[in-house]
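All remarks here apply to the structure that follows.
Derivation of every value follows stated rules applied to the coordinates shown; laboratory data play no part. Here the structure is a predicted model, which means the values were calculated and not measured. Because the Cβ atoms are built from the backbone with ideal geometry, glycine has one as well, and the counts that use them run over all protein chains shown.
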Ligand SMILES: NC(=O)c1ccc[n+]([C@@H]2O[C@H](COP(=O)([O-])OP(=O)(O)OC[C@H]3O[C@@H](n4cnc5c(N)ncnc54)[C@H](OP(=O)(O)O)[C@@H]3O)[C@@H](O)[C@H]2O)c1
């Protein structure tokens, strides 16, 4: 492993806690399942760690098939990074459909307790550093979810807890409830990128005022804010796999905006992906962004954004003008 890895990354304190996260984290939603190439997955984890990425973001359902990303990550950890556990922050989540029957989905105590046991078994870990409630399910009383999260920490199965995608009202209540159990919410995870800015209204400032750190997922809009789709839809790109990113999401308008943003990125001496990541990190309340990558080349491109995270007022204004063209 590269001895100077920690000089290549910036770290930020996560909310009102003593835990530092790398400004860029790696997500395993795609590209780490049993359908993916294990050698590439291994190279992605090792390259990330070698460049100071200490935080890896998982969930029980990542794959496909669900569970396989955790299993593969555990294998990679054992083969490549055994001996480095104390240099790593490993996150997982429970809350989306994972197994059959009434308990395999949602945010009940039953689901959270069973899920974390399954995730620990799949990864071979003794504990997760961060465990999230993946979503508000609209049914489970928030008291029940908060108590279950707090209890997994008391049982030593997780060190910290977080919430993901909770609407502002429910997020506020969770911050209060978790604090009252003695396990404050470490971190809040939401989608945020130049095309999806909902959290700017309320969610980000709420989290900050409650002492929670914040982490953005899909900062590259699943590839739309990179050079991936500037000239058509390449074979094997995420949009061709008919998952969450559909070909119909790659609208002419979005591609046109991405091309304009790309021109500005080139003027800054960056790729579009690098500028999009720097933009997402421009607010100091944003602890980290979780990027995805299907190749080491993409990952290296993304990690280089750390070398220029600052913007002039004119550049930010220019980005606003370009984004205003969106419906
Ligand atoms: N909490 C939640 O509910 C939730 C939801 C979604 C995601 N997440 C987390 O956030 C992580 C990141 O999400 P995401 O994968 O959607 O993030 P993303 O960074 O917006 O998109 C990643 C995809 O963009 C393309 N890409 C990345 N870098 C590129 C580059 N430099 N040049 C060209 N193309 C590039 C690749 O697609 P190709 O495959 O086309 O190469 C890559 O798989 C996930 O892994 C997961 O950990 C959490």
Handout entry: Candidates 131, 244, 217, ranked by Gaussian network fluctuation over the chain, Cα under 10 Å, top entry
Key = 244
Handout entry: Rounded FRET efficiency, nearest 0.05, which uses the C-beta distance separating residue 282 from residue 176 and R0 of 25 Å
Key = 0.30
Exercise for the section: Go through 275-283, 28-36 and give me the packing order, highest mean Cβ count within 10 Å leading. Expected result: 275-283, 28-36
Exercise for the section: May I ask what percent, to the nearest 5, of DSSP beta bridges between residues of the range 139-248 are antiparallel? Expected result: 10 percent
Practice task
Normalising by the residue count of the chain, find the relative contact order in percent from Cα pairs under 8 Å and 6+ residues apart.
Solution key: 17 percent
Exercise for the section: Just order 285-296, 118-129 by mean Cβ neighbour count inside 10 Å, highest at the front, would you? Expected result: 285-296, 118-129
Fill in the blank from the handout: For the residue 308, residue 103 Cβ pair and Förster radius 51 Å, calculated FRET efficiency rounded to 0.05 is 0.60
Handout entry: Highest average packing first - 182-192, 223-233, 258-268, Cβ atoms within 10 Å
Key = 182-192, 223-233, 258-268
Handout entry: DSSP beta bridge pairing in the chain, given as percent antiparallel to the nearest 5
Key = 10 percent
